[in-house]
Amino acid sequence: MTDDASVVRAHAASVLEAGATLRSSTLEARAQWLADSAATLMKDAHDRRDALSEATGLSVPMVEWATRTTLDTIREDSMLALARTVRRGTDRDLDPVTMLSVILAGNVFTASVRGIVIPLLLGVPVLVKASSGETVFPALLRDALRSASTQLGAAMNVVAFSGGDVECEAALVESAEVVSVYGSDETVAAVAARIGDTPLVAHGHGVSVAYCGAHALDEAHIGNTIESLSLDICAYDQRGCLSPQLIYVEQSPHRSAADFAERLSEEGLGPMGSTLPRGTLPVSVGAAQAQWRGIAEVEGTLLRGNTHAVSIREREPIRWSPAYRNVTIAPVRGVDEALRAMQAIGPHLKCVGTDTGSLSEVEARLADSSPLSAYTCPIGEMQTPPLDAPADGHPIWHALLRN
Amino acid sequence: MTTRGELKARIEGLITGFEAGQQVDAAARDELIEDLATWQAKRIPEYGRLQRHGAWPPALPTDVFRFRRIAAHPKEDDLRVFRSSGTTSSERSVHAYGDLDLYDVAARAAARYMLFPDVEKMVLVILAPHEHEAPDSSLEYMLARFAEWFGTQCTWVWRDGALDLGLLTEHLHQAEASEEAVAVLGTSFAFVHAEDGLGARRFELAPGSRVMQTGGYKGRSREVNPEVLLASISARFGVGAPRIINEFGATELSSQMYETTLREDIDGPMGPRRLWVPPWVRATPVDPDTLQPVHGETVGILRIDDAANLDSVCCIQTADLARRLDDGIVVLGRAPGASPRGCSLAADQALGAQ
């Protein structure tokens with residue numbers, strides 16, 4: 001599916017026009033329609049799981065997991081709770097922007113859900129440019145919205161064109177009051193340079209890490225720690241910006257980093273390779289994987305599984321993995337050392353997952369750390385952010401309201 | 001215990017035997033690579049850390065050459081150090097040689113067999129810097145040796161960091177007038193710049209002329225589809241496509257591979273364009289997960305076991321994608337995301353391209 005500029009412009013006009021009707025509906029009605037859409041989408045995505053697997057490169061069980069965990073957050077109560085949070089701090093009615101254009105990336109197919117549902121909830125119509133490699137899910141979402149409500153369905157549409165098509169891009173953004181871009185820093189910079197004064201919400205390159213305190217590794221907790229981290233690593237085959245690439249592990253006299261890594265590999269990532277199998281490894285990523293694994297072996301220790309690898313090495317220098325379930329364990333003396341290491345990542349750090357015992361300390365320390373704006377959450381939940389989780393250091397409704 | 005001298009003699013014997021027309025026994029080569037890898041693993045700690053998977057010794061990723069000195073000899077014994085192109089030290093692979101004998105033997109034997117199989121010596125025109133201008137480039141070193149081994153006369157048309165189009169034109173016109181065959185050798189980027197700079201000037205080089213181009217595009221300058229470049233070079237220099245061949249080399253390697261069409265155009269029969277692998281080298285597309293050879297013509301990542309790499313590591317895992325074709329291989333290029341580097345980039349940087 002590829003649209004030309006006239007089609008993009010026509011869709012933009014009709015979505016913009018539908019905004020007035022959308023805004024005339026009540027927030028409660030919109031929450032109800034969106035929850036109904038999520039239920040429909042859950043069923044439709046299940047029916048199209050093979051097509052989604054092919055389009056995303058994820059295995060069918062992973063597609064099903066991703067769909068379920070994402071759409072489970074689109075409930076009437078959670079949306080109304082979010083709306084209450086948004087309203088807090090203002091006694092005026094919400095003043096949504098007239099239209100949002102969204103440019104999606106292809107790495108995490110469900111990332112579109114929060115980026116589309118929340119604007120619609122707040123009364124903002126949305127025109128979506130699907131990733132060139134993945135148009136199936138956005139189209140299913142659009143169809144689900146239409147089936148829930150004609151008002152809602154008219155306020156969202158999907159277009160597709162090649163990245164860098166300047167004419168289509170201009171048609172996509174010229175009616176928008178705000179543009180939201182998911183993708184590499186290069187993509188974000190290229191779009192920013194072309195849209196002039198239109199406000200841009202950038203979701204550029206990002207990486208995430210995890211921290212595990214010593215108590216998370218004791219015999220009482222290690223099983224849960226391994227299970228949670230394995231899910232965070234395997235979800236979306238580690239391709240998302242919320243996927244942990246590095247796990248800082250507090251050294252403990254009772255559990256060495258090497259012992260922990262071995263158990264993570266054998267008891268966590270290995271079995272998860274069967275329950276949530278990795279998708280097909282693109283050979284180009286495989287080339288990077290072979291280089292990364294070799295360096296990991298030269299500079300530390302590498303544990304290889306069938307479809308994963310765990311590197312144990314000093315925290316510096318950071319060697320970013322090619323994703324696809326290649327993760328680094330870096331032993332540290334404690335939170336201080338882990339946070340010092342995170343400073344080097346700067347604003348690219350999107351999320352820090354921690355064991356529950358360390359959560360409040362890490363959260364507080366990150367809040368005091370000006371170069372870092374990472375979101376903190378318990379391990380096991382890194383890839384399933386709640387509806388109201390912040391994104392890139394901003395509330396999820398950032399730039400969608402004028403007041 | 002195997003000594004370095006014994007290994008060197010075995011490698012040299014294999015290559016010179018091939019040069020003398022002897023059949024190289026693949027089993028003997030494999031055994032040599034095995035012994036060599038064992039010797040290297042004991043002397044190079046980085047290599048000794050790699051675990052073996054499958055029947056062959058482990059292969060060291062090329063990226064390790066960017067971060068670590070990979071040499072079986074101490075630094076003070078370095079005779080020559082080659083570096084890949086790049087702007088920062090972490091982007092440049094470093095390959096230190098304490099002894100260039102095997103490099104020379106391998107380079108001469110491969111070029112003699114694939115690039116100059118029909119002539120002792122001929123006129124060379126080189127679209128690359130002289131080795132004095134780029135002393136740490138293995139390509140420039142090799143081209144300088146070619147001038148000694150295969151050149152009746154040799155002109156470097158790259159001077160003071162720029163491609164001298166006037167000098168190139170002058171020498172090609174001379175070759176046309178004398179009807180003497182010429183070998184034009186250079187980086188792919190240099191040929192692109194020649195193409196861009198020569199305008200309407202075209203040449204009709206004498207029969208027997210040939211072109212060797214090397215290096216990829218590195219994403220650092222105007223990128224030209226290899227087939228388009230091949231057609232452009234053919235039209236520009238008046239040399240038939242079979243006589244225009246690619247050389248595949250790398251800083252981390254001591255041996256080179258050449259496309260087959262020139263040799264087959266001379267000797268026949270003509271097969272598909274593919275890279276010839278010297279018989280002292282194993283070039284194998286492998287599966288990225290298992291690192292084991294892929295089946296048939298499946299695309300894999302290219303592992304090269306180069307017996308001429310005596311004082312570093314002979315088993316190398318590149319980031320290039322490749323597949324087998326007949327008795328050779330086809331390199332499909334560097335995987336997106338892998339660090340761009342290579343001989344061709346030095347020339348491009350010298351031209352100020354961004």
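Every read-out reported here was derived from the displayed coordinates using simple, explicitly stated rules and does not represent laboratory data. Owing to the predicted nature of the structure, the values given are computational and were not obtained by experimental measurement. Note that we place each Cβ from the backbone using ideal geometry, even for glycine, and neighbour counts take in every protein chain shown.
Output needed: percent of Cα pairs per 10 Å distance bin for segment A:148-269, bins running from 0 to the one holding the longest distance.
Pair shares across the bins are 11, 29, 19, 17, 17, 7, 0.
By its C-alpha gyration tensor, with a ≥ b ≥ c as the square roots of the eigenvalues, how is segment B:10-124 shaped: rounded for a/c under 1.5, else prolate for a/b larger than b/c, else oblate?
The shape class here is oblate.
From the phi angles alone, apply the Karplus equation (6.51, -1.76, 1.60; θ = phi - 60°) to segment B:235-245 and give each ³J(HN,Hα) in whole Hz, x where the residue is Gly or Pro.
5, 5, 9, x, 10, x, 3, x, 8, 10, 10
Chain A: percent of C-alpha pairs farther apart than 26 Å?
Above the 26 Å cut-off, chain A has 54 percent of its Cα pairs.
What size of dipole, in debye to the nearest 20, comes out for the protein assembly as shown about its Cα centre when the only charges are +1 on Lys and Arg C-beta atoms and -1 on Asp and Glu C-beta atoms?
740
What is the mean number of Cβ atoms from other protein chains located within 10 Å of the Cβ atom of each residue in peptide A:294-303, rounded to a whole number?
The mean count of partner-chain Cβ atoms within 10 Å per residue comes to 5.
Can you spot the lysines whose alpha carbon is less than 25 Å from A:K43's alpha carbon? Ignore those fewer than 8 places along the same chain.
Counting by Cα, and skipping residues close in sequence, A:K43 has these lysines nearby: A:K129.
By how many degrees, between 0 and 90 and to the nearest 10, does the Cα long axis of helix A:27-47 differ from the longest principal axis of chain A?
On a 0 to 90 degree scale, this one is about 60.
Give the average over all directions of the projected area of the C-alpha convex hull of segment B:160-282, one decimal, in nm².
8.9
Starting from the coordinates of the alpha-carbon atoms of chain B, obtain the Kirkwood hydrodynamic radius over all distinct pairs and give the value in Å to one decimal.
The Cα-based Kirkwood calculation yields 20.6 Å.
In segment B:238-302, which GluC sites (Glu not before Pro) are in a loop and have at most 13 other Cβ atoms within 10 Å, using DSSP for the loop call?
Those satisfying the criteria are B:E297.
Only Cα pairs within less than 10 Å get springs; with that Gaussian network setup on chain A, which residue of A:P317, A:P371, A:P277 has the largest fluctuation?
A:P317
Calculate one ³J(HN,Hα) per residue across segment A:123-136 by plugging θ = phi - 60° into the Karplus curve 6.51 cos²θ - 1.76 cosθ + 1.60, and present them in order as whole Hz with x for glycine and proline.
x, 9, x, 9, 10, 10, 9, 6, 4, 4, x, 9, 10, 5
Once the dipole of segment A:196-339 is set up with Lys and Arg at +1 and Asp and Glu at -1 on Cβ about the Cα centre, which of A:V310, A:I295, A:Y211 lies farthest towards its positive end?
In segment A:196-339, that residue is A:I295.
Compare the Cα positions of A:L82, A:I226, A:S256 along the charge dipole of chain A (+1 at Cβ of Lys, Arg; -1 at Cβ of Asp, Glu; about the Cα centre) and return the one farthest towards the positive end.
Projecting each Cα onto the dipole axis, the largest value belongs to A:L82.
Using only the alpha-carbon atoms, how far is helix A:185-194 inclined from the longest principal axis of chain A? Give it as 0 to 90 degrees, nearest 10.
Approximately 20 degrees, to the nearest ten.
Give the Rg (one decimal place) followed by the Dmax (whole number) of segment B:86-154, computed from C-alpha coordinates and expressed in Å.
13.6, 42
So which of B:K8/B:K121; B:K8/B:K75; B:K75/B:K121 end up more than 26 Å apart, counting from Cα to Cα?
B:K8/B:K121; B:K75/B:K121
With +1 on each Lys and Arg Cβ and -1 on each Asp and Glu Cβ, how big is the dipole of chain B about its Cα centre, in debye rounded to the nearest 20?
840
In whole percent, what relative contact order does segment A:5-203 give with Cα contacts below 8 Å and a gap of six or more residues?
Over segment A:5-203, the number comes to 30 percent.
In debye, nearest 20: dipole of segment A:5-203 around its Cα centre with unit charges on the Cβ of K, R (+) and D, E (-)?
Approximately 400 debye in magnitude.
Along its three principal axes, how long is segment A:5-203 when you only count alpha carbons? Whole Å, largest extent first please.
Principal-axis extents of the Cα atoms in segment A:5-203, largest first: 43, 41, 28 Å.
For A:K129, B:K75, what's the fewest-to-most ordering of other Cβ within 10 Å of each Cβ?
Least to most surrounded, the residues fall as B:K75, A:K129.
What percentages make up the Cα-Cα pair-distance distribution of the protein assembly as shown when the bins are 20 Å wide from 0?
Pair shares across the bins are 15, 40, 32, 12, 1.
Can you work out D for segment A:207-378 in µm² s⁻¹ from Stokes-Einstein, where Rh is the Kirkwood radius over C-alpha pairs, the temperature is 4 °C and the viscosity is 1.567 mPa s?
82
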